[in-house]
Every structure is written in C-alpha cells, then in structure tokens.
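The values are calculated or read from the model by the stated rules, or taken from the named source; none is laboratory data. Since this is a predicted model, take the numbers as computed values, not measurements. All Cβ positions, even for glycine, are placed from backbone atoms using ideal geometry, and neighbour counts span all protein chains on display.
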Amino acid sequence: MRSPYDVIIKPIITEKSMMDIEMGRYTFRVATDANKTEIRAAVEAVFGVKVASINTMNVKGKVKRQGRFVGKRADWKKAIITLTADSKAIELFEGM
C-alpha cells in the first residue's frame, strides 16, 4: 500500500473551498489513481480526523497556447472531504 503522503498531493485553497471549511468540508488534490478508500485512510492518518464522506472528481487539463505552439496541462483529481460533526478541524487551514 502507498504512503498517505503519496495519495494527498496538496490542499486546494480558493474562495469556495475556504467557505466550505465552515461546514466541515476540505478540498485536496489527490493522486489520479487513488480511490475513496485510500483517500479516507490517508486523510485520517495524516490529520488525525474522522471522515464522514468523500466526493471525488476528475478535472480535465486545459489546452493552452503560446503563440503557434499548443500544449495541454495535465489532468488531475480533486477530493472534497467532509468530516464528522465530532471531529476536530484540520490545522493546516486554520491560519487562512
């Protein structure tokens, strides 16, 4: 099995994700081949919280141009983690 730090890549910090924190939802970029069971185990191991539910989505990379050259950003996976009511907050997001 993979390390929890291989599953969770980085937190996603946007206006919408910061408003969701008040409702106990946290957004992370995760490995593209990770499933919900691996994501749940990784979040619980790294942050010491209880996960109520997980919503995942695959985000398609944008097609970008630089003059006549065309390229594409990589596809990635986003996970929205909802914590249980009795779980503590994730400290990573508290100073934002």
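Can you name the number of the only condition in (1) surrounded by fewer than 13 Cβ atoms within 10 Å (Cβ to Cβ); (2) at pLDDT 95 or above; (3) among the polar types (S, T, N, Q) that SER3 fails? Every listed condition holds for SER3 apart from (2).
Are any residues in the stretch 2-42 of a type in the set (A, V, I, L, M), under 12 Å from the mean Cα position of the chain (by Cα) and assigned to a helix (DSSP H, G or I), and if so, which ones? Within the stretch 2-42, VAL7, ILE39, ALA42 qualify. Scanning the stretch 62-86 for residues that are small (Gly, Ala, Ser) and within 30 Å of GLU22 (Cβ to Cβ) yields ALA79, ALA85.
Looking at THR56, THR82, just one residue is surrounded by 13 or more Cβ atoms within 10 Å (Cβ to Cβ), of a type in the set (S, T, N, Q) and in contact with a Ser or Thr (Cβ under 7 Å, 6 or more places away or on another chain), and that residue is THR82. Just one of the listed residues (GLU15, GLU38) is touching a helix residue (DSSP H, G or I) at 6+ places or on another chain (Cβ under 7 Å) and of a type in the set (D, E, K, R), namely GLU38. The number of residues in the stretch 43-83 that are in contact (Cβ under 8 Å) with a residue 40 or more places away in the chain, outside any strand (DSSP E or B) and either of a type in the set (Lys, Arg) or touching a Lys or Arg at 6+ places or on another chain (Cβ under 8 Å) (or both) comes to 3.
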